[in-house]
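To start, the structure itself, in structure tokens.
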Amino acid sequence: MPFAQLVIGPPGSGKSTYCNGMHQFMSAIGRKCSIVNLDPANENMTYPCALDVRELITLEEVMDEEGLGPNGGIMYALEELEGNVEWLEEGLSRLGPDYVLFDCPGQVELFTHHASLRNIFLKIQKLGYRLVVVHLVDAHYCVDPSKYISVLLLCLRSMLQLDLPHINVLSKIDLLSQYGPLAFNLDFYTEVQDLTHMLPLLEEDPRLKKYAKLNEAIVDLVDSFGLVSFETLAVEDKLSMTHMLQAVDRAGGYAFGEAEGAGDDVWALAMRGGWGIGMSAQDIQERWIDNREDYDEFERKQMEEQAAKAKAEAEAEEFM
């Protein structure tokens, strides 16, 4: 039974960067992985693409031939893919048991109310894939209370629409400190704690003060479902990627499937040994927000020491 991640999120949330980083990380731990591009507008891929929807249809062709704008063109292209899903099924059959990362378009309406992407996912599921949705949103939205509430609504609607195992992720957590201070500790945002604490902050915004009752209703709606929470991610940090992949594996029931190699390097052993499990929001806040400079300096010195040690060992071997 093959496994797959469906990587969704608004434009600029880091979907393609995530796919590239996760592909490299899986390769390092000996897990055979392929990337499938489902975005007909994605013409500058930074990762090795095993299957590209642009071989079937491109956004440029749709806009020229149908006279549609970018958003309408993307939806039209996904409807075409849904109608020609045999092309996708045939391409996936050539990937065998590989773990697959699906890089999806960024138009939010595709995963909030338009049916084509959901129907494509259901077709993939019927092929035997164990699917997990990885929903990326930019971490800097936490700095703005109104944007954070909007993100909660987006994530909740996506979870209800797609009806699959679902992990919401605050991406680019390593850049969060650049956007200003948080009103609460990070765990308030990742665990989506009592949102009534957000109401006074929303009322401080003159644009939102007159919508106080609407804000209360939205907060109550999100709280009443109790579905939304967030993981955090810094793609270039191996510990963060380890923690992220372990969360996805738990959600999808992955237990060293056919795509798993016999690699015995440190990161493969880390995955199998559970290293990274239990990273708390407090740990992440200390690493990336409160004491980032100190941690960066510590890691830089470690890398220098490792490089010097490797150089010394290589020189010693030359004289043997």
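The values are calculated or read from the model by the stated rules, or taken from the named source; none is laboratory data. Please read all numbers here as calculations on a predicted model, not as lab measurements. When we count neighbours, we look across all protein chains shown, and the Cβ atoms used for this are built from the backbone with ideal geometry, even at glycine. Accessible surface is based on the protein model in full, side chains and every heavy atom, while ligands, DNA and RNA are left aside. Shrake-Rupley method; radii C 1.70, N 1.55, O 1.52, S 1.80 Å.
For the stretch 123-175, how many residues are aliphatic (A, V, I, L, M) and touching a strand residue (DSSP E or B) at 6+ places or on another chain (Cβ under 8 Å)? Let's see the steps before the verdict.
Of the residues in the stretch 123-175, the ones aliphatic (A, V, I, L, M) are 124, 127, 131-134, 136-137, 139, 143, 149, 151-154, 156, 159-160, 162, 164, 167, 169-170, 173, 175.
Subset that is touching a strand residue (DSSP E or B) at 6+ places or on another chain (Cβ under 8 Å): 124, 131-134, 136-137, 139, 151, 154, 159, 162, 164, 167, 169-170, 173.
Here the count works out to 17.
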Cβ-Cβ distance below 6 Å, separation of 6 or more or different chains: which pairs start in the stretch 1-24 with a residue that is open to solvent by less than 10 Å² (accessible area, probe 1.4 Å) and at pLDDT 95 or above and end on one that is in a helix (DSSP H, G or I) and basic (Lys, Arg)? 7/15; 9/15
What single numbered condition from (1) crowded, with 21+ Cβ neighbours inside 10 Å; (2) within 16 Å of the chain's Cα centre (by Cα); (3) closer than 28 Å to residue 153 by Cβ fails to hold for residue 40? (2)
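Yes or no, residue by residue, for (1) in contact with a Cys (Cβ under 8 Å, 6 or more places away or on another chain); (2) surrounded by fewer than 10 Cβ atoms within 10 Å (Cβ to Cβ); (3) acidic (Asp, Glu); (4) at pLDDT below 55:
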| site | (1), (2), (3), (4) |
| --- | --- |
| 257 | no, no, no, no |
| 262 | no, yes, no, yes |
| 265 | no, no, yes, no |
| 282 | no, no, no, no |
| 286 | no, no, yes, no |
| 296 | no, no, yes, no |
| 299 | no, no, yes, no |
| 309 | no, no, no, no |
Residues being among the aromatic types (Phe, Trp, Tyr) and in contact with a Cys (Cβ under 6 Å, 6 or more places away or on another chain): count how many of those fall in the stretch 79-111. 1
Hits in the stretch 84-106 - residues which are closer than 14 Å to residue 8 by Cα and out of contact with any Pro (no Cβ under 8 Å at 6 or more places or on another chain): 101, 102, 103, 104
Could you figure out which of (1) of a type in the set (Gly, Ala, Ser); (2) open to solvent by 20 Å² or more (accessible area, probe 1.4 Å); (3) in a loop (DSSP other than H, G, I, E, B); (4) at negative phi isn't true of residue 106? (2)
List every residue pair whose Cβ atoms sit under 7 Å apart, with the two residues 6 or more apart in sequence or on different chains, where the first one lies in the stretch 284-302 and is over 15 Å from residue 182 (Cβ atoms) and the second, anywhere, is surrounded by 11 or more Cβ atoms within 10 Å (Cβ to Cβ). 295/287
Filter the stretch 113-143 down to residues that are in a helix (DSSP H, G or I) and touching a Lys or Arg at 6+ places or on another chain (Cβ under 9 Å), then give me how many there are. 3
Would you mention how many residues in the stretch 223-253 are under 21 Å from residue 282 (Cβ atoms), buried (at least 16 other Cβ atoms within 10 Å of the Cβ) and of a type in the set (Gly, Ala, Ser)? 3
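This table checks each residue for (1) modelled with pLDDT of 95 or more; (2) open to solvent by 30 Å² or more (accessible area, probe 1.4 Å).
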residue	(1), (2)
148	yes, no
152	yes, no
155	yes, no
159	yes, yes
164	yes, no
175	no, yes
178	no, yes
182	no, yes
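Residues 44, 71: which one is free of Cβ contacts under 8 Å to residues at least 40 places away in the same chain, over 22 Å from residue 99 (Cα atoms) and part of a loop (DSSP other than H, G, I, E, B)? Explain how you work it out, then say what you get.
Details: 71 fails: part of a loop (DSSP other than H, G, I, E, B).
After applying the criteria, what remains is 44.
Do we have any residue at all in the stretch 205-217 that's at pLDDT 75 or above, surrounded by 19 or more Cβ atoms within 10 Å (Cβ to Cβ) and closer than 22 Å to residue 7 by Cα? Please lay out each step first, then the result.
Restricting attention to the stretch 205-217, the residues satisfying the condition of being at pLDDT 75 or above are 205-217.
This time we only want the ones that are surrounded by 19 or more Cβ atoms within 10 Å (Cβ to Cβ), so: 215.
Applying the additional criterion that residues be closer than 22 Å to residue 7 by Cα yields none.
No, the stretch 205-217 contains no residue that is at pLDDT 75 or above, surrounded by 19 or more Cβ atoms within 10 Å (Cβ to Cβ) and closer than 22 Å to residue 7 by Cα.
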Hits in the stretch 195-232 (condition: closer than 29 Å to residue 244 by Cβ and hydroxyl-bearing (Ser, Thr, Tyr)): 224, 229, 232
